[in-house]
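Report on the structure given below.
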Amino acid sequence: MLTNYVYKLRPNQTQDLKISNWVDMLRSHYNWCLNDRIIQYNQQFVQGDYSDLRNQVEACPLTCFVSKNGATGNPWKDGKVDFEGKLKNPRRTAGDIQITSLPKLKIARPWYSGSDSTVLQQNVKRLDTAYRNFFEGRGFPQFKNRSNFTSFTFVMGIKIQGNKIYLPKVGWMRFYNSRSIPAKDSRTLLGREPSWFQWLYNLSVIPHLFEKGYIKACAVRKRQNGWYVSLRIEDKSVPDYKAKSLQDVVKVIGCDLGITKLVHLSDGYQIENPKFSTNKKVKRTLKIRQRRVSRQVKGSKNRKKTAKKVGLLHQKISNRRQAYQWKVAHKIVERNIDAIALEDLHISGMLRRCRVKIEEKTGRFLKNGQSRKKGLNRSISDAGWGELILKIEYLAAKQGKVVIKVNPKHSSQECRNCGHIDKSNRDGEKFICVECGYHEHADIGAAKTIRDRALKMVRGDSAKPGTMYLDAQKVSPRSKSKCGEFGNPSHRDIKTEMS
């Protein structure tokens, strides 16, 4: 089992300056690697055939590169020869080429020698992940700036002793031990009771527990109020979580996500939406602080200090939202149920701008309702439906329950009595069928409809396929859920980032 533990670091001035410089160097290295790949791709596949100046014959970029100055300029490696006299895996990927060229990078740019080699390697793999996402249809990798590149990752040499952590080439650093590792995760490793584990942990005499390779990765990230470290710990002694089979699913609860109320459950229970960033008080505070930033001179120290206050406010809102979502997820998952039915929402599509309307005769732009939709988009972003769904999936996998994603089309407009679907059936939170007169709460009725559709999918009498999460793994590859820092949650690889 893999778990994450996030702590706030307490670096001294020297360490703070060093890791800040590392972030700047890694951002520059990331952008250089991305630019090198773009240039080589253009020279290989866009420019076409060319004339080789040495032998004066036509050459193809697929077999002979135009430029060999970049890191990806030589894809062929001098590997071992098999029994047939052929090279084993003669062609390397762009990531392998750039990783093997890191020693040359340190010679050309000596300041890179001060950073850990595994950090540089993980930086290249981070670019590989961005390209992999691009091939899956998530957008081409973008050049990074100071606002969207604030972290780096270690994979070797991490040690923990009490409230201190050792990072390679950074040294020992204190951190706030706000969340100790549960004793049940290490009882088998130590062979003692939890009380003995806690006693040994307080005495700081078990660093060998982490030196044996149980810390798989360590991500250091900068936030508005300081540096944070995320430890990825593997414990093979904890058994895998097993979900119930579909044949054993009897009780299913439906969840309808909303804005006035965050969640409506099919049993009639409603969960409030605090609206952390869209309530009146926070909106006024944020407006005042942003106005102070805009009034100050660009590039001045006072402007940076004021902008930091805006960032701290956003971080406070995010922390409150995360804590509240964990409470909501626990309320839903800890009920006496076998499965949870959720809406299969396309949230990014819901946040898109309205289509532009142009008058044919004059060519002038017409009103398209974007000014009104702007407030709706802010409310949807403030609710954080996507993060809440991920937390429900994680807790459901941990308790061995099934998560079923259902197509929510017309769920709040369909009459549960006669099945008539009409837009006029719903008026705000009221549902009154224009065909048979059936009436109930619109959102609770939608949650019941989602529950019934999930039951049909479980029993196998539904014509429309959906997505079922069994053992927290996708049965159908139709829908895509965004992963966290270390991937999607699963029963074999339970991961979460607490903040």
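Just so it is clear, none of the values below were taken in a lab; they were calculated from the coordinates. The structure displayed is predicted, hence computed values, not measured ones. Don't worry about glycine lacking a Cβ; one is built from the backbone with ideal geometry, like all the others, and counts go over all protein chains shown.
For this structure, a couple of remarks:
- Restricting the stretch 285-326 to trypsin sites (Lys or Arg not before Pro) in coil, as DSSP defines it, with at most 14 other Cβ within 10 Å: K298
- Net lengthening on full extension, T118/I259 (0.36 nm per residue, minus Cα-Cα): 46.3 nm
- Distance between the C-alpha centres of the stretch 154-181 and the stretch 386-457: 47 Å, rounded to the whole angstrom.
- Extension gain from D267 to M156, taking 0.36 nm per residue of separation minus the Cα-Cα distance: 35.1 nm
- Backbone N within the stretch 334-377 under 13 Å of label point (7 Å from K251 Cα along the Cβ vector): 334-340
- Across K275/K448; K8/K242; K281/K367; K283/K405; K244/K423, pairs whose alpha-carbon gap is larger than 27 Å: K8/K242; K281/K367; K283/K405; K244/K423
- Stretch gain in nm, segment H330-K298, where the contour uses 0.36 nm per residue and the Cα spacing is subtracted: 7.0 nm
- Shown for F149, F143: other C-beta atoms within 10 Å of each C-beta, ranked fewest to most, produce the order F143, F149.
- Legend: distances between Cα atoms for K305/K373; K261/K409; K305/K391; K216/K401; pairs beyond 23 Å are K305/K373; K305/K391; K216/K401.
- Zone of R459's modelled label, taken as backbone nitrogen in the stretch 321-346 under 20 Å from a point 7 Å along Cα→Cβ: 337-342
- Inter-label distance for D422 and N148, nm, one decimal - labels placed 7 Å from Cα along Cα-to-Cβ: 4.7 nm
- Exposure proxy for E360, E387, E343, E393: other Cβ atoms within 10 Å of each Cβ, ordered fewest to most, give E360, E387, E343, E393.
- Cβ crowding within 10 Å averaged over residues, with 246-255, 118-127 ranked highest first: 118-127, 246-255
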